[in-house]
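Q: Structure incoming, see below.
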Amino acid sequence: MTEQLTIARLGHRGDGVAETPAGPVYVPYTLPGEVVTVEAVPGHPDRRQLDHIDKASHERVAPVCKHFGVCGGCALQHWSLAEYALWKRNLVVEMLEHHGVIAPVAPLIDAHGKGRRRAVLHARRGTHNVLEVGFAAPRAHHIVAIDACPVLAPELAGAVTAAWAIAEALKVTEKPLDIHVTAADNGLDVDVRGSGALKPDQIAALARIADAHGLARLTRHGELVTQRAQPLLTVGRAQVPLPPGSFLQATAEGEAALARLVIEHVGKAKRVADLFAGIGTFALRLAEKARVTAADSEASAIKALQRAAANASGLKQIEAIPRDLFRRPFVASELKVFDAVVFDPPRQGAEAQARELAKSGVKTVVAVSCDPATFARDVKILIDGGYKLAGVTPVDQFRWSQHVEVVGVLGR
């Protein structure tokens, strides 16, 4: 059974929203002002599936990918970039308002650059035992097989074909296999997860695939299978030896944009703490002008940061320490030695650390986040502790998705 709806606005996940007597109804791949014919989605009374666009928006554009609408990786390729950018900035504005936070929000920085330099490809045997390698379908468990992805950076051009070869060699079943691919400076770094222990013939097959596809390194759950070269990534003046499957900002331009903002906000601080530091995205750049204490719960990332700092020239002292900042945040007495603190936590935010910062006398705090909701929650804690949020800048390195990075600077 079909019905006709008028789309009033876009929701936070990028779906069109129609207001009905029964409440809001969500329709993917639609735009504000459009009149659409839709079908019910079994088990989801507030969702509809797009059947036909009866009246299209003048803001609608042709998607750049043939898999759009089937693959779950992108939600908004059908919208003009100008309108999309306004909407994404407004996600941040609305989330701050929701938490009672008032601050100027700068225009969205487009940090897509050349595209994403890391991806997780999934592989499994689907219907009729057919191998599928690609990305997950939207709100579904099956995999959409792809041969290319326009969102990925050119350096990941060989990732999809290598993933197909790996999946075939491991004789993937209906149990999904995850293939994490990162574009290092000197080649592709691949970490395979979900395969179980490898047999000798599988290890030999993977080694041949790595050689044939020119992979820098191939690991299974971080355990080395074969390595042609230690994957390296240039960060400021340093070269970081990447741990297997290590976290990086999604795009090189995104990393650069976030780092520029952090360095600008830290200003002339002489002693800086970089919390949730990872491999040193900010710490290695901050150390060009300040002494840095860097902390992260991921021991392999801290070890990589230590090695990078030891081999780089022209940097001030970096003290890199493994520490679980959720369970053991830096307390006010530890924070008093710092002129500025930078924190960039995972999606769940840094509530415990924010509470300790709120008790401290640190003059400048730079908050970086990949989730506007937890960002707003954490900065509200700081504001309630006496800080003033001077401004917020949204950064978009996840083009055509609902995800947005946020950088804010607070001071006493």
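Q: Which residue is surrounded by the fewest Cβ atoms within 10 Å (Cβ to Cβ), if the candidates are limited to segment 343-382 and must be more than 24 Å from the chain's Cα centre (by Cα) and assigned to a loop (DSSP other than H, G, I, E, B)?
A: Gly361
Q: Next up: If Phe276 satisfies all but one of (1) within 19 Å of Ala332 (Cα to Cα); (2) free of Cβ contacts under 8 Å to residues at least 24 places away in the same chain, what's the number of the condition it fails?
A: Answer for Phe276: the failing condition is (2).
Q: If you check Ala157, Ala153, which single one turns out to be open to solvent by 10 Å² or more (accessible area, probe 1.4 Å) and among the aliphatic types (A, V, I, L, M)?
A: From the options Ala157, Ala153, the qualifying one is Ala157.
Q: Now a separate question. Give me the pairs: first residue in segment 385-396 and of a type in the set (Phe, Trp, Tyr), second residue at pLDDT 95 or above and open to solvent by less than 10 Å² (accessible area, probe 1.4 Å), beta-carbon distance under 6 Å, and six or more apart or on different chains, which are they?
A: If the second residue must be at pLDDT 95 or above and open to solvent by less than 10 Å² (accessible area, probe 1.4 Å), the pairs left are Tyr387/Leu410.
Q: When you look at Thr293, is it touching a residue at least 40 places away in the same chain (Cβ under 8 Å) and assigned to a strand (DSSP E or B), yes or no?
A: On the way: touching a residue at least 40 places away in the same chain (Cβ under 8 Å): yes; assigned to a strand (DSSP E or B): yes.
In short, yes.
Q: While we're here: Looking only at segment 113-153, count how many residues are outside any loop (DSSP other than H, G, I, E, B), without any contact (Cβ under 8 Å) to a residue 24 or more places away in the chain and among the hydrophobic types (A, V, I, L, M, F, W, C). Step through it out loud before you land on a result.
A: Restricting attention to segment 113-153, the residues satisfying the condition of being outside any loop (DSSP other than H, G, I, E, B) are 116, 118-125, 127-129, 131-136, 143-145, 152.
With the extra rule that they be without any contact (Cβ under 8 Å) to a residue 24 or more places away in the chain, the set shrinks to 127-129, 132, 145.
When the remaining residues are screened for being among the hydrophobic types (A, V, I, L, M, F, W, C), the result is 145.
Of the residues in segment 113-153, 1 are outside any loop (DSSP other than H, G, I, E, B), without any contact (Cβ under 8 Å) to a residue 24 or more places away in the chain and among the hydrophobic types (A, V, I, L, M, F, W, C).
Q: With the requirement that a residue be of a type in the set (A, V, I, L, M) and not in a strand (DSSP E or B), what does segment 296-325 give you? Let's see the steps before the verdict.
A: We begin by selecting, within segment 296-325, every residue of a type in the set (A, V, I, L, M); these are 299, 301-302, 304-305, 308-310, 312, 315, 318, 320-321, 325.
Result: Ala299, Ala301, Ile302, Ala304, Leu305, Ala308, Ala309, Ala310, Ala312, Leu315, Leu325.
Q: Now a separate question. Which of the following residues is assigned to a helix (DSSP H, G or I), in contact (Cβ under 8 Å) with a residue 24 or more places away in the chain and open to solvent by less than 30 Å² (accessible area, probe 1.4 Å): Leu248, Leu218, Leu206, Leu233?
A: On the way: Leu248 fails: assigned to a helix (DSSP H, G or I); Leu218 fails: assigned to a helix (DSSP H, G or I); Leu233 fails: assigned to a helix (DSSP H, G or I).
Only one candidate qualifies: Leu206.
Q: Mind telling me which of the residues Gln306, Gln317, Gln348 ends up being more than 23 Å from Arg377 (Cα to Cα) and touching a residue at least 24 places away in the same chain (Cβ under 8 Å)? Walk me through it before giving the result.
A: Details: Gln306 fails: touching a residue at least 24 places away in the same chain (Cβ under 8 Å); Gln348 fails: more than 23 Å from Arg377 (Cα to Cα).
Among Gln306, Gln317, Gln348, only Gln317 is more than 23 Å from Arg377 (Cα to Cα) and touching a residue at least 24 places away in the same chain (Cβ under 8 Å).
Q: From the residues in segment 137-147 that are at pLDDT below 90 and among the small types (Gly, Ala, Ser), which one is surrounded by the fewest Cβ atoms within 10 Å (Cβ to Cβ)?
A: Ala140
Q: Let me ask you something else. Of the numbered conditions (1) open to solvent by 50 Å² or more (accessible area, probe 1.4 Å); (2) under 24 Å from Val181 (Cα atoms), Glu132 satisfies every one except a single condition; which is it?
A: Result: Glu132 passes all but (1).
The values are calculated or read from the model by the stated rules, or taken from the named source; none is laboratory data. Everything numeric here is computed off the predicted structure, so don't read it as measured data. Cβ sites come from the backbone with ideal geometry, for glycine too, and all protein chains shown count toward neighbours. Areas reflect the complete protein model, heavy atoms only, side chains present, ligands, DNA and RNA absent. Shrake-Rupley method; radii C 1.70, N 1.55, O 1.52, S 1.80 Å.
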